[in-house]
Amino acid sequence: MTHTLKHHWLAILAGTGLSAAALAWDALPLQVPVPADNPQTEAKIELGKQLFFDPRFSSTGTISCNTCHNLFLGGDDNRPTSMGVHGRTGPRNAPTVWNSAFHATQFWDGRAASLEEQAKGPVVASVEMGMADLDMVAKRMRAITGYQAAFARAFGGDNPVSIDNAAKAVAAFERTLITPNSPYDRWAQGDANAMLPNQVQGLLLFDQLGCTGCHQAPFFGGPNKRGGHFAVFPFHDGEYVGTYNLRADMGRHAVTGRKSDRHKYKVPTLRNVALTAPYFHNGAVPTLDQAVRVMATTQLNATLFEEEVAHISAFLNALTGEFPSIAMPRLPPTPGASIPTE
Amino acid sequence: MTSTLRNRMMLVVGLVAGIAASLMYSASAETPPEKLAATPSVACKPSNLAVAGGRTLKAEDFEEPQACGKCHQRQMKGWQGSMHSLAFKDPVFQAEWALAVKATEGKALNDCGGCHTAIGVTTGTVKFDPSMGKHGGFTVAKQGEHGVSCEVCHSVSGSTAKNSPTGQPGNASLVLNPGETKYGPLLKSVSGYHETQYSELHTKAEFCGSCHNIFHSENKFPIEHTYDEWKSSPYAQADIPCQDCHMVPVEVANQVADRMVRAKDVPNHGLGGLAAKGAKVEREIVHDHGFVGGNAVIAAALGSPGAEEHKAEALKRLQGVADLDMDVRVGKGGAQELRVKVTNLRAGHHLPTSLTFIRRIWLDVAITDDQGRVILRSGELDANNRVDEDTVIFGNHSVDKAGKPTINPWEIASFTQLNTIPPKGFRFGKYAFKLPADAKGFKVVVKLNYQSYDQAVADKLLGKGAVLVPTIEMKALTRSYGADLKMVEARTLASR
């Protein structure tokens, strides 16, 4: 077929409003999904940031969101499982808060449908912030005069200081925690030199092996579907399953009770994964290289050559994005007391 | 009848009715929701599509093919650039569809869309936009743009064929149940990504027949009957379904047709393997999803990914499907008579099939004598890329309810002439000619040609001169004869 003829066909296609563009790699979007009932505002985001860093909403006044989701690191705590009040540790590894707004559901098992819902969980978890109940949290917030004004600015209304509003504020702040412009993103936008050759090789390998089946570009997490999406881990048997005790946790089954949900988890984003060791739901795997080997074996029944592991790890390092600079907020004081008296 | 007896009888009748009602109730209570909606959905009419459990679907209920293709790479490679992937986008189809929608006051939107974008129809996102293209065009949620995509077939949980107006597969007689569970033909399938459900329907020709069997939605005339053709063919007798030829490479399909065995029974088919990256069970056959038929044009013209491979496969298929033979004899009255025999060697349906009144398979015949004189010429393309009406064309002649010729599917009420070639069957093209007295011999060159549609159709749909419909030579045969009508080697003739 002649070039002209082909041109005609394409012109006809263009007339139908459809594009013939081949599938390409996309960069991380700069806009996160925002729920209609919680629009982003400056005041809300600023309040959310204060609450995120404020340890006074833990029973001992020592643990804030940032304790386990350290924004000055990879948005987690680099521990196998997090340490909450009284040195208690939980059952699962802290997921990164960076880019969490792109996840369809929150927590490893997806038991929270939104960041708003998620924010209410850890404050009252006995192994995390350890508050007895959410009413107690609300009381503490109201007892801090500075917060009354901040909530009023952010939400207005008669009774602005509420758990729901606090969760909305924290979620709004978390929706600003995105890390674009990773080497991968710049490469996807056309800068061929943004990734090193072995990183590009790693990406192609990552794709060919089938990793992108679950870790889908550009978020490199599960699909953003209504109700979330969950995958079985570990899928195949093998020595790593025992070595790292990967089947002790029932995953989403514990939430739904459904047999089909056994060992199912939300597919976590791999953005900034190089910064969030140790790995997996139980944090049992200490290094990124080893995590790559475990995933290849348990999910794809593939044993990788060491060179392949290195390429994939190199690519995963290219998912480390640009972190917005964050100034620690001043928190409204509680003069004369470390935590508000109850 | 005494009143007591009547009362008793009414009691009995009442009891029976009550038992029947409770049986029906318990049956429906235990029937999974996807089985309940085996009646075409009102919202999808006049197509026979249904949504399991009468759910209201959103475009987001369907995944886009690239998500599936990351694990099902082999299937994705086949599907990309297939006519299934272009079922919605194909500009020729869109133009035809636009004319249909305008002529039927909108009924054709779902009527055609049911198969061409089942996602668009079940989600109600397919819309007609009269401002697009030459005749109008269509928009749909992006999930629906991919035509017959992974999610269409693998969301199918049942069939509405029994409850459709014709009681047969056709007009999108499918029940869609999109969600975590994917339906497919593999037993003991397990996936870490989605739930799996074995579906016997997916192993059968009836599955494909859900769309490859099209009845006029009002007069019920079978406009396209590929499934029905198969059903009354030796292939159906041998339990060889559509999938065994159209979901394997052409080389394997040819073996299926030559041996009349299932694809899995073709020696050394080489199609075994994993159905997905990281899958647990090695399969006897992993099906290609290229669904290669006769269309070697659209994908390549649109520059779709995988188009060149599809074009090559389609050419291979077209060039291996039929066979030619010929003989020459003295006919009644002294003229010579050429008979060209065209055999449908390897298609499990007629040649051509589907739009038998639009697809063109014809004979191009040239007879020249030893002195280079043209004795007979038939089926030659003219300056307008068309053949004349005396050409031997294998196809059906369609008319509207008034008996007027039409090729608009929405107007067709019957066929007045049937000339397609049945599976394993043949038809003749006959030509009379008069050899000059001084000719010592002659040469016959026969070509079997194919066009997806006539140039006039392309001109009407896309605008005059927009495209030149390519002609594909399916088969050619040259023979030389002496004046005694006995076949000779071409060289012998030249030396005489």
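The values are calculated or read from the model by the stated rules, or taken from the named source; none is laboratory data. Predicted model, so just to flag it, every value in this text is computed and none were measured. Cβ placement follows ideal geometry from the backbone for every residue including glycine, while neighbour counts extend to all protein chains displayed.
List of remarks:
- Pairing each residue of the range B:371-388 that is closer than 16 Å to B:TYR453 by Cα with any residue that is small (Gly, Ala, Ser) and in a loop (DSSP other than H, G, I, E, B), provided the two are 6+ apart or on different chains, yields C-beta distances under 7 Å for B:VAL387/B:GLY379.
- Test for B:SER414: is it surrounded by 20 or more Cβ atoms within 10 Å (Cβ to Cβ), in contact with a Gly (Cβ under 9 Å, 6 or more places away or on another chain) and in contact (Cβ under 8 Å) with a residue 12 or more places away in the chain: no
- All conditions in (1) part of a loop (DSSP other than H, G, I, E, B); (2) within 10 Å of chain B (Cβ to nearest Cβ); (3) at pLDDT below 95 hold for A:GLY228, with the sole exception of (2).
- Summed over the range A:286-314, the residues that are within 14 Å of chain B (Cβ to nearest Cβ) and not in a loop (DSSP other than H, G, I, E, B) give a count of 7.
- The criterion of being touching a Lys or Arg at 6+ places or on another chain (Cβ under 7 Å), more than 22 Å from B:ALA103 (Cα to Cα) and polar (S, T, N, Q) holds for B:GLN451.
- Elements of type helices (runs of 4 or more DSSP H) in the range B:112-210, at least 1 residues being under 30 Å from A:ASP237 (Cβ atoms), in the same structural domain as B:GLN94 (by TED's automatic domain parsing) and of a type outside the set (Lys, Arg): B:150-153
Yes/no matrix, rows are residues, columns are (1) in contact with a Cys (Cβ under 7 Å, 6 or more places away or on another chain); (2) surrounded by 18 or more Cβ atoms within 10 Å (Cβ to Cβ); (3) outside the structural domain of B:ARG479 (by TED's automatic domain parsing):
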site: B:ILE285; (1), (2), (3): no, yes, yes
site: B:ALA296; (1), (2), (3): no, yes, yes
site: B:GLY306; (1), (2), (3): no, yes, yes
site: B:LYS341; (1), (2), (3): no, no, no
site: B:HIS350; (1), (2), (3): no, yes, no
site: B:ILE358; (1), (2), (3): no, yes, no
site: B:VAL365; (1), (2), (3): no, yes, no
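- Positions within the range A:119-141 being within 19 Å of A:PHE53 (Cβ to Cβ) and in contact with a Pro (Cβ under 9 Å, 6 or more places away or on another chain), in sequence order: A:GLU128, A:MET129, A:ARG140, A:MET141
- Which listed residue is within 19 Å of the chain's Cα centre (by Cα), at pLDDT 95 or above and surrounded by fewer than 22 Cβ atoms within 10 Å (Cβ to Cβ), from B:PHE93, B:PHE128: B:PHE93
- Scanning the range A:196-217 for residues that are outside any helix (DSSP H, G or I) and within 12 Å of chain B (Cβ to nearest Cβ) turns up A:GLY210, A:CYS214, A:HIS215, A:GLN216, A:ALA217.
- Residue check for B:TYR198: of a type in the set (Ser, Thr, Tyr), closer than 30 Å to A:HIS263 by Cβ and surrounded by fewer than 23 Cβ atoms within 10 Å (Cβ to Cβ): yes
- Among the residues of the range A:80-136, those identified as among the acidic types (Asp, Glu) and either outside any loop (DSSP other than H, G, I, E, B) or modelled with pLDDT under 95 (or both) are A:GLU116, A:GLU117, A:ASP135.
- Considering the range B:41-92, the residues that are touching a residue at least 24 places away in the same chain (Cβ under 8 Å) and of a type in the set (S, T, N, Q) include one that is farthest from the other protein chains (Cβ to nearest Cβ), namely B:ASN48.
- Pairs with Cβ under 9 Å, 6+ apart, first in the range A:240-257 and free of Cβ contacts under 8 Å to residues at least 12 places away in the same chain, second hydroxyl-bearing (Ser, Thr, Tyr) and not in a strand (DSSP E or B): A:HIS253/A:SER260
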